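Visitor: Sharing a structure, written as structure tokens. Questions coming.
The values are calculated or read from the model by the stated rules, or taken from the named source; none is laboratory data. Values in this document were obtained by computation on a predicted structure and should not be read as measured data. Glycine also receives a Cβ, built like all others from the backbone with ideal geometry; neighbour counts cover every protein chain displayed.
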2 protein chains.
Amino acid sequence: MSVNDTLAPSANSFFLPVVSVVGVGLIGGSFAKALKNGGHAGCVLGVGRDHASLERALQLGLIDRIATLEEAGKASDFILISTPASVLGRICEIIGPLLKPGAIVTDACSTKVQVIEDARQSLKERTNQFIPGHPIAGSDESGPAAADPLLYWNRNVILTPLPENSGDDIKRVRQCWQACGAIVREISAIEHDRIFATVSHFPHYLSALYMSMVCRSDSSGLALALAGTGFRDFTRIAGGSPEMWRDIFISNKEAMLNEIDVFLPMLEKTRQMIEDSDVDGLHAWLEQASLARKKWGENK
Amino acid sequence: MSVNDTLAPSANSFFLPVVSVVGVGLIGGSFAKALKNGGHAGCVLGVGRDHASLERALQLGLIDRIATLEEAGKASDFILISTPASVLGRICEIIGPLLKPGAIVTDACSTKVQVIEDARQSLKERTNQFIPGHPIAGSDESGPAAADPLLYWNRNVILTPLPENSGDDIKRVRQCWQACGAIVREISAIEHDRIFATVSHFPHYLSALYMSMVCRSDSSGLALALAGTGFRDFTRIAGGSPEMWRDIFISNKEAMLNEIDVFLPMLEKTRQMIEDSDVDGLHAWLEQASLARKKWGENK
């Protein structure tokens, strides 16, 4: 199957007259562009707090019009909220009462339990129109200029549907992401948050913590000049948006604290191995880690 | 300046009749091939414990002959020891008494203080012939098949010369690495070890610790299936050689323990921020890390 086969309307036929993207950065902009390229969207409205960024999205053809949240709420058949998690509740509060009966709202937040709680409180009897989602894709770059209609190609998108959601609405969200070339999976919100604490949020925490430690050290100038490719890769994620990650850590608090509390005794144990020059203990630990990483790499 | 300009003999004219590489993997093999390509080596001898690996290096043209350590010690004008740090002392013990008067020995180990101590104990009055070095280059791949004469192109190589070394011998080691396209710097062994604990050894420690934590978790199967590009980059270094990294951690023990002991209270502090939903505290920390990483990326 080629890129064209998947993005062509014939392979996945649906049409949404009005699509809105709230937060037109890398995630929202890439989604909008993929839907437009596939002929699945009549008109794409872009909503955001940064007008320059919206103008850029318009110039780049990611969106067809800049709109207010109220306009988007009233007019849309499909709304993707791709903002930091902390503002999702407020957005839902505004659009909730304005939504057309058949309109679908989804999101791209990296945590789900708290986001669902916020959406329920804001959308109330319209909660059934909200299908929570999380596309697993990213880039070093951010903002509309980084948007790429192929960003989701062969990437996972997780949906964590609510008991209130209709099968047809879930199917429509699936179709949208599949039109972007993504592989769509459904799991529970709790499982989602536990898994992403492990494979995404906690590594970000360690990388950011390490990065702030390095730049506080006395010899950080020469150290940073001599840092190589290992450092580059290990710290890449630490360059992410402080606002987004702050929200993720707080909104996935329980799972994050659990990760830290599992990590801490392992850190203390391996620290002791180093102090004791425990050749066999260190070798067994490092070999397990190395084999696990190699095996993962082979399956990707 | 093009690659050919730098690798051409005319740009950096010297000739070593017999060069030996002890440990013909990625590091040693790449060095050997670059010297051969530049016309700087008459005959390259390969020494190692794994005969199949040496045969492969011979087939690939990285070395001209397989030799014993004794043969290499007697015949060589220049010897690069590119083995795990723990065996350097034993290698020096064997080659020390056999070395020709003008022969130069250098190494590629990632720690320097302990390696220098081991070399001194083994080489004794011949310690002046040992110029400690550390090329800052690597790859996901290892072994002779991964060797690449351009591996060191535009990479840093650190020398930590001893008071006993002659200026001419230091210059010769510089020339060899410059012939590989590297940028050569000199710093003290203590400073080297402190800096590389920070920018290399400690990130490896965190990455390996995290990787072993993930594969012990109950839901590791699905978690690993959903892990994305952030996970991939953050854990890449954890795939490294357990033997090499075990030796590095032990041989750079003091600096490693210091890194862990600086990290631990920062981990406890940020854990508390998450527990307290400290929006401002988390934002300030993550912003510092993000800006530092972006600034580093721009300068690279």
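Visitor: Scan the stretch A:147-172 for residues that are more than 14 Å from the chain's Cα centre (by Cα) and farther than 14 Å from residue A:34 by Cα and jot them down.
Guide: Answer for the stretch A:147-172, where residues must be more than 14 Å from the chain's Cα centre (by Cα) and farther than 14 Å from residue A:34 by Cα: A:161, A:162, A:163, A:164, A:165, A:166, A:167, A:168, A:169, A:170, A:171, A:172.
Visitor: Please go through the stretch A:214-231 and give me each residue that is more than 12 Å from residue B:289 (Cβ to Cβ) and at the interface with chain B (Cβ under 7 Å from one of its Cβ atoms), ordered by number.
Guide: A:217, A:219, A:222, A:223, A:224, A:226, A:227, A:228, A:229, A:230, A:231
Visitor: Here's a follow-up. If you go through the stretch B:185-206, how many residues are surrounded by fewer than 20 Cβ atoms within 10 Å (Cβ to Cβ) and more than 9 Å from every other protein chain (Cβ to nearest Cβ)?
Guide: 3
Visitor: Ok, one more. Read through the list (1) β-branched (Val, Ile, Thr); (2) part of a helix (DSSP H, G or I); (3) within 26 Å of residue B:92 (Cβ to Cβ), then give the number of the only condition that residue B:157 fails.
Guide: With respect to (1) β-branched (Val, Ile, Thr); (2) part of a helix (DSSP H, G or I); (3) within 26 Å of residue B:92 (Cβ to Cβ), residue B:157 is out only on (2).
Visitor: I'd like the full set of residues that are surrounded by 15 or more Cβ atoms within 10 Å (Cβ to Cβ) and assigned to a helix (DSSP H, G or I), limited to the stretch B:46-74.
Guide: If the condition is that a residue be surrounded by 15 or more Cβ atoms within 10 Å (Cβ to Cβ) and assigned to a helix (DSSP H, G or I), then B:53, B:54, B:56, B:57, B:58, B:69, B:71, B:72, B:73, B:74 are the ones that fit.
Visitor: Taking residue B:178 as meeting all but one of (1) closer than 23 Å to residue B:34 by Cβ; (2) buried (at least 24 other Cβ atoms within 10 Å of the Cβ), write down the number of the exception.
Guide: For residue B:178, the exception is condition (2).
Here is a yes/no grid of residues against (1) assigned by TED's automatic domain parsing to the domain that holds residue B:82; (2) buried (at least 24 other Cβ atoms within 10 Å of the Cβ); (3) under 25 Å from residue B:82 (Cβ atoms):
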residue	(1), (2), (3)
B:208	no, yes, yes
B:211	no, yes, no
B:218	no, no, no
B:221	no, no, no
B:224	no, no, no
B:228	no, no, no
B:236	no, no, yes
B:243	no, no, yes
B:250	no, no, yes
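Visitor: Right, another one. Would you check if residue A:90 is surrounded by fewer than 16 Cβ atoms within 10 Å (Cβ to Cβ) and within 29 Å of residue A:191 (Cα to Cα)? Let's see the steps before the verdict.
Guide: Details: surrounded by fewer than 16 Cβ atoms within 10 Å (Cβ to Cβ): yes; within 29 Å of residue A:191 (Cα to Cα): yes.
Yes.
Visitor: Also: Look through the stretch A:239-264, keep the residues that are of a type in the set (Val, Ile, Thr) and at the interface with chain B (Cβ under 7 Å from one of its Cβ atoms), and return whichever of them is farthest from residue B:207 (Cα to Cα).
Guide: Residue satisfying both the conditions and the ranking: A:250.
Visitor: If you don't mind, another one. Looking at the stretch B:110-148, which of its residues are surrounded by fewer than 22 Cβ atoms within 10 Å (Cβ to Cβ), modelled with pLDDT of 95 or more and in a loop (DSSP other than H, G, I, E, B)?
Guide: B:148, the sole residue that qualifies.
Visitor: Go through A:155, A:120, A:126, A:172 for me and flag whichever is facing another protein chain (nearest Cβ under 8 Å), among the charged types (D, E, K, R) and more than 30 Å from residue B:156 (Cα to Cα).
Guide: Testing whether each residue is facing another protein chain (nearest Cβ under 8 Å), among the charged types (D, E, K, R) and more than 30 Å from residue B:156 (Cα to Cα) leaves just A:155.
Visitor: Just to be sure I understand the filter: pairs with C-beta atoms under 9 Å, separated by 6 or more residues or on different chains, first member in the stretch A:271-287 and more than 7 Å from chain B (Cβ to nearest Cβ), second member aromatic (Phe, Trp, Tyr). Which pairs pass?
Guide: Close Cβ pairs (under 9 Å, with a partner that is aromatic (Phe, Trp, Tyr)) amount to A:273/A:285; A:273/B:249.
Visitor: Residue B:160 is checked against (1) touching a Pro at 6+ places or on another chain (Cβ under 6 Å); (2) under 29 Å from residue A:265 (Cβ atoms) and fails just one. What number does that condition carry?
Guide: Among (1) touching a Pro at 6+ places or on another chain (Cβ under 6 Å); (2) under 29 Å from residue A:265 (Cβ atoms), residue B:160 violates only (2).
Visitor: Another question, if that's okay. Just to verify a result, which residue in the stretch B:75-87, among those that are touching a helix residue (DSSP H, G or I) at 6+ places or on another chain (Cβ under 8 Å) and surrounded by fewer than 20 Cβ atoms within 10 Å (Cβ to Cβ), is farthest from residue B:43 (Cα to Cα)?
Guide: B:86
Visitor: Would you check which residues across the stretch B:13-37 are on the phi < 0 side of the Ramachandran plot, surrounded by 24 or more Cβ atoms within 10 Å (Cβ to Cβ) and part of a loop (DSSP other than H, G, I, E, B) and list them?
Guide: Listed by number, the residues that qualify are B:24, B:25.
Visitor: Next up: Restricting attention to the stretch A:224-232, does a residue exist that is basic (Lys, Arg) and either over 12 Å from residue B:203 (Cα atoms) or in contact (Cβ under 8 Å) with a residue 40 or more places away in the chain (or both)?
Guide: No, there is no match, as no residue in the stretch A:224-232 is basic (Lys, Arg) and either over 12 Å from residue B:203 (Cα atoms) or in contact (Cβ under 8 Å) with a residue 40 or more places away in the chain (or both).
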